[in-house]
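Data block below; observations after.
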Amino acid sequence: MQINISCSNIRAYGMLIITILLTACSKQVAVDSPVTSITGENVYHSDPTAIAVLNGIYSNMSGEGITSGGFTSTSFYGGLSSDELTLYSGSSNIAYKAYYMNDLSSSNTQNRELWRKAYPYIYTVNAAIEGISSAKNLTPAIKQQLLGEAKFIRAFSYFYLVNCYGDVPLVLTTNSEANANIARTDIAQVWRQIILDLYEAINLLNTDYPSVNLITTTSERVRPTKWAATALLARAHLYTSNWAGADSAASAVINNIALYDTVPLADVFLKNSKEAIWQLQPVLANQNTQDAMTFILTGAPNSSRPVYISTFLINAFKVGDARRTTWIGTRTSGAITYNYPLKYKVSAIANTTPPTPPSEYNMVLRLAEQYLIRAEARAQLDDISGAKDDLNIIRKRARLANTLATNKTEVLDAILKEKQLELFSEWGHRWFDLKRTDKVDEVMSVVTVQKKGTWSSFKKVYPIPIGEIITNKNLKQNDHY
């Protein structure tokens, strides 16, 4: 049966297929399906149904906010765990308090969100890799793009898992019996798989942005391309101290001036911004991005909008930094003024017929990070002049003077500071940067006390959810949890 896919039914159709794929491994009785039905066995027999599998993942990522915005995202949890966000003092949410005070336990129910939603993505793309690889009826160009997207999403998912939990099970198949009892894999091996998947994705993905049919091109930057995989590869090389690799990958993206450039601060997070390397399209009715719904204060912080920018972050901005005025909003209640992330300007969209399109897309990968990646890599390679040049590109847009840093140590500190100011409230960057640069104990031993918590070094990784350990006896908990 020929099935047509349009933008309007991507979410529902993709979700149907993902549900089928995720339940396929638990079937107790094998029953032959009619050829007109959508099942895990025949989903890769046509271009539209195969495309819908990956569409469903992007829709989930945007709508549920595991890694993008929302209250179960790395942006939210990472901001609470680090020195970016302050939790509303009247919040009764036990999970938020645990992240904020660096007091997570393995039984904390929302600690499982990142784990339990990343692994279904991984299962789905593993099924896609297996199904697409053996498919006979797919258009070759579509087959290649989808394989590249699946490899990219697997690498992307594991990037966040290892940065949140450390060693994690490396699941590369849909063999449910083997996967059910898999132990945690050494983090170095997981990183090797992330990097391998990204190199393979680079070789498979389109260089231009494909439209919904994966044949024609579009101005919409909502599907991964070769450049998204290259950008994530630059980050992976940076995190694994491959400075030359990070420099090379970031340069490949930066040098693609036909597609990418820095834009004015007010335009960075608009849909299809030229700074965007990959964005997620909003999928919830009458909303722009999950980030806007999470962070924009409409009054004093409350149980619905429970966070605002910490004094640590506010005090890090220098006088004249345009990001302070463009990307941070203020809301005064009584005698107190609260600062909040305002990178995304619009939370609700008017309910109109036809529907009003969103003006902003959730930014996943953007060019400014690539400049900061390359700056750090070049500083580590003792190219101090080149590092400062890249750093100053970001500072100039923020209307700041060139850095006064002169030696390697000063430049690396300046880059870390610039990342704090440029990438706040985005994807847990600050939390991850503190850990990978070995600054986490220095910073959090002060910050956690002011949050009325107690800091210990083991808290830089989150505990494995207790339910996973009960289910799988081969999983070992992180130390001291």
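The values are calculated or read from the model by the stated rules, or taken from the named source; none is laboratory data. Nothing here was measured: the structure is a model prediction, and the numbers come from that model. Because the Cβ atoms are built from the backbone with ideal geometry, glycine has one as well, and the counts that use them run over all protein chains shown. Heavy atoms of the whole protein, side chains included, go into the accessibility calculation; ligands, DNA and RNA do not. Shrake-Rupley method; radii C 1.70, N 1.55, O 1.52, S 1.80 Å.
Taking amide H as placed 1.01 Å from N in the peptide plane, TYR338 has its amide H under 5 Å from the amide H of ARG331, THR332, SER333, each at least 5 places away in sequence or on another chain. The angle between the Cα long axis of helix 243-254 and the longest principal axis of the Cα atoms of the chain comes to about 80 degrees, rounded to the nearest 10. Taken per residue, the accessible surface of the chain reaches 40 Å², heavy atoms only and a 1.4 Å probe. Carbon-plus-sulfur fraction of the accessible area of region 355-481, 1.4 Å probe, in percent? With neighbouring chains kept in place, the figure for region 355-481 is 52 percent. Summing charges over all other residues whose Cβ lies under 13 Å from the Cβ of ASP479, with Lys and Arg as +1 and Asp and Glu as -1, gives +3.
Put simply, the amide H of GLU360, placed in the peptide plane, has neighbours under 5 Å in LYS271, leaving out anything fewer than 5 places away on its chain. Considered as an equivalent ellipsoid built on the Cα gyration tensor, the chain has semi-axes of 35, 26, 24 Å, the largest given first.
Short-range pairs are left out: with C-alpha atoms under 8 Å and at least six residues apart, the relative contact order of region 276-347 is 39 percent. Counting only heavy atoms of the protein chains and using a 1.4 Å probe, GLU200 has close to 60 Å² of accessible surface. The angle between the Cα long axis of helix 47-64 and the longest principal axis of the Cα atoms of the chain comes to about 30 degrees, rounded to the nearest 10. Compute the helix-to-body angle for 187-204: its Cα long axis versus the longest principal axis of the chain, expressed 0 to 90° and rounded to tens. The answer is roughly 70 degrees. In deg cm²/dmol and to the nearest 500, what is the mean residue ellipticity at 222 nm of the chain if only DSSP H runs of at least 4 residues count, each as -39500 (n - 2.57), divided by the residue total? Value at 222 nm, helices only: -15000 deg cm²/dmol. Couplings for region 157-168, taken from phi via the Karplus curve 6.51 cos²θ - 1.76 cosθ + 1.60 with θ = phi - 60°, read 5, 5, 4, 6, 5, 5, 6, 8, 10, x, 4, 9 Hz in order; Gly and Pro are left as x. Remark: region 208-220, residue by residue, has Karplus-estimated 3J(HN,Hα) of 9, 6, x, 7, 4, 8, 6, 9, 7, 9, 8, 8, 6 Hz, where x stands for each Gly or Pro and the curve is 6.51 cos²θ - 1.76 cosθ + 1.60 at θ = phi - 60°. Pairs from the table (LYS97/LYS396; LYS97/LYS226; LYS117/LYS274; LYS143/LYS271; LYS271/LYS451; LYS451/LYS473) lying more than 32 angstrom apart at Cα are LYS97/LYS396; LYS97/LYS226; LYS271/LYS451; LYS451/LYS473.
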